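K.L.:
There's a structure below that I have some questions on.
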Amino acid sequence: MTASDRLAPLAEVARLRRGVVPDAVRADPGEQARLAALIESSPALRALPTAQALTADLRGFADDPRMTRTKAHINAAVDRQLFSVFRVPYFPSLALDYLVYTPVHTDESVLTAYPSNTMAVTVDAATDGFTPPGVVALFPEHHLDGVQDDDDLIFYFIDKFVTRHFRVTRPMIEQVMAEGSFPSLAHAGTAAVRQVSAWWVRMHEHHHRLGPMPIPGYLKAKSAKPLAGLEELRTDVSSMLACLHDRTLPAADALLTYEYVLAERLLRYAVEGIPRPNYDAVASQLLFTYLRSRGGLELRADRLHLTGELPAVLAALHAEIDRIEQHIQHEPVADVRRRLLEFTNRYTAFDERAGDYRHLPFFSRVKERLGV
């Protein structure tokens, strides 16, 4: 299939998606049949294997509410196309959408040491549902069935990571960090940031599947905002420690990845969701507060200084989360969730009256100053 053949369905999907309401499609067999018929009647779509898989799933959804064929086709990655009905409350733009991608090359040492079902990709073309800057990843549970199986691919749109880094993180480094805080990252160009982004997302997903309460097995238990944030932080700290200590990785690339993950988690995510923090912002303020409380980070005259104790403090943070999760071996899930929530709230700005989290004043001022 040529590049033009792969791009031809875009206009047709853009036309069809205007009338698609994911909740209605999920609930109504009539809507499922109607959408399947529309796709099958389109000359630009009906010959595509990905469209055939989708229509078969739609026609059988009432009896078997799974997107089995669609996901099997996507997992095979034979044509580098994503086409499905997506239902994502926090990505409301997604509905019936189509995307064409190119995989980002990842170093063999990372692929070997950190196996996962991650696909780091750049977007060649996509319908409008994928356009918003916040749509940076596509997970199996984003499909109509809301299910993630262990072998389902997880997609990260790396070009958006690169854009966010240069738009938000680099200015933050210049404005709030002490000089020399990120010596490797400060000089990294677009190609290098694209490469370490691919490292990051693969290592991130690999570490989700480790520990006493791995994902997806405990996905539901960790779905609340503070616990989702804690899980994101756990995996990023795991990745940073791996970059610092895994001697099988190319040393310069591992150091750059360490600095990149630290900068993104500590700085950029901290200003997301203002005035109401999202789960990533909760994770960042937990990291910020924990590092300051243990001497890994110091705030002096509105400049953040990374101390020589930082690697040890990161290891202590990881060990503390792991110790709490170990309680799952002899306690009910609800009790362990309570322990994890107590830990999260100890290091974050939780407003009990409002029942939600507040942004830290330091990062609120930074966001206002930078206009991001």
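The values are calculated or read from the model by the stated rules, or taken from the named source; none is laboratory data. All values reported here derive from a predicted model rather than from experimental measurement. Heads up, the Cβs are rebuilt from the backbone with ideal geometry, glycines too, and the neighbour counts pull from every protein chain shown.
K.L.:
With respect to ALA62, determine if the residue is assigned by TED's automatic domain parsing to the domain that holds ALA14 and either within 17 Å of THR127 (Cβ to Cβ) or assigned to a loop (DSSP other than H, G, I, E, B) (or both).
P.N.:
yes
K.L.:
Here is a further query. Out of all the residues in the stretch 76-112, which are farther than 30 Å from CYS243 by Cα and part of a strand (DSSP E or B)?
P.N.:
Scanning the stretch 76-112 gives GLN81, LEU82, PHE83, SER84, VAL85, PHE86, LEU96, ASP97, TYR98, LEU99, VAL100.
K.L.:
Looking at the structure I just gave you, is PHE83 aromatic (Phe, Trp, Tyr) and closer than 21 Å to GLN32 by Cβ?
P.N.:
It is true that PHE83 is aromatic (Phe, Trp, Tyr) and closer than 21 Å to GLN32 by Cβ.
K.L.:
Does the stretch 78-110 hold any residues that are loosely packed, with under 14 Cβ neighbours inside 10 Å and not polar (S, T, N, Q), and which are they?
P.N.:
VAL78, PRO89, TYR90, PRO92, HIS105, GLU108 - these are the residues of the stretch 78-110 that are loosely packed, with under 14 Cβ neighbours inside 10 Å and not polar (S, T, N, Q).
K.L.:
Can I ask one more? Taking the stretch 58-74 as the region of interest, how many residues are touching a residue at least 60 places away in the same chain (Cβ under 8 Å), farther than 20 Å from PRO9 by Cα and not aliphatic (A, V, I, L, M)?
P.N.:
Counting residues in the stretch 58-74 that are touching a residue at least 60 places away in the same chain (Cβ under 8 Å), farther than 20 Å from PRO9 by Cα and not aliphatic (A, V, I, L, M) gives 3.
Here's the yes/no breakdown for (1) free of Cβ contacts under 8 Å to residues at least 40 places away in the same chain; (2) over 26 Å from LYS222 (Cα atoms):
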{"site": "ASP280", "(1), (2)": "no, no"}
{"site": "TYR290", "(1), (2)": "no, no"}
{"site": "ARG303", "(1), (2)": "no, yes"}
{"site": "GLY308", "(1), (2)": "yes, yes"}
{"site": "ILE324", "(1), (2)": "yes, no"}
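K.L.:
Here's a check for you: in the stretch 297-318, which residue that is of a type in the set (Gly, Ala, Ser) and over 23 Å from the mean Cα position of the chain (by Cα) is farthest from LEU210 (Cα to Cα)?
P.N.:
Filtering the stretch 297-318 for residues that are of a type in the set (Gly, Ala, Ser) and over 23 Å from the mean Cα position of the chain (by Cα), the one farthest from LEU210 (Cα to Cα) comes out as ALA301.
K.L.:
Can you tell me which residue is nearest to ILE74 (Cα to Cα) among those in the stretch 111-123 that are among the hydrophobic types (A, V, I, L, M, F, W, C) and surrounded by 20 or more Cβ atoms within 10 Å (Cβ to Cβ)?
P.N.:
Applying the filter and picking the extreme gives MET119.
K.L.:
I'm trying to understand the selection: among the residues of the stretch 118-159, which are of a type in the set (D, E, K, R) and in contact with a Phe, Trp or Tyr (Cβ under 7 Å, 6 or more places away or on another chain)?
P.N.:
Once the filter is applied, which keeps residues that are of a type in the set (D, E, K, R) and in contact with a Phe, Trp or Tyr (Cβ under 7 Å, 6 or more places away or on another chain), the stretch 118-159 yields only ASP124.
K.L.:
Could you tell me whether any residue of the stretch 204-226 is over 27 Å from GLY296 (Cα atoms), polar (S, T, N, Q) and touching a helix residue (DSSP H, G or I) at 6+ places or on another chain (Cβ under 7 Å)?
P.N.:
No, that holds for no residue.
K.L.:
Mind checking whether some residue in the stretch 154-164 is among the β-branched types (Val, Ile, Thr), within 26 Å of THR55 (Cβ to Cβ), in contact with a helix residue (DSSP H, G or I) (Cβ under 7 Å, 6 or more places away or on another chain) and surrounded by 17 or more Cβ atoms within 10 Å (Cβ to Cβ)?
P.N.:
Scanning the stretch 154-164 turns up at least one residue that is among the β-branched types (Val, Ile, Thr), within 26 Å of THR55 (Cβ to Cβ), in contact with a helix residue (DSSP H, G or I) (Cβ under 7 Å, 6 or more places away or on another chain) and surrounded by 17 or more Cβ atoms within 10 Å (Cβ to Cβ).
K.L.:
Let me ask something additional. ARG294 passes all but one of (1) within 28 Å of SER181 (Cα to Cα); (2) surrounded by 15 or more Cβ atoms within 10 Å (Cβ to Cβ); (3) more than 22 Å from the chain's Cα centre (by Cα); (4) in contact (Cβ under 8 Å) with a residue 40 or more places away in the chain; which number fails?
P.N.:
Answer for ARG294: the failing condition is (4).
K.L.:
Now for a different question. Hey, does the stretch 284-295 have a residue that's more than 27 Å from ILE173 (Cβ to Cβ), of a type outside the set (D, E, K, R) and either modelled with pLDDT of 95 or more or assigned to a loop (DSSP other than H, G, I, E, B) (or both)?
P.N.:
No, every residue in the stretch 284-295 fails to be more than 27 Å from ILE173 (Cβ to Cβ), of a type outside the set (D, E, K, R) and either modelled with pLDDT of 95 or more or assigned to a loop (DSSP other than H, G, I, E, B) (or both).
K.L.:
Among the candidates ALA254, ALA270, ALA242, ALA263, single out the residue that is surrounded by 19 or more Cβ atoms within 10 Å (Cβ to Cβ), at pLDDT below 95, assigned to a helix (DSSP H, G or I) and outside the structural domain of GLU108 (by TED's automatic domain parsing).
P.N.:
ALA270
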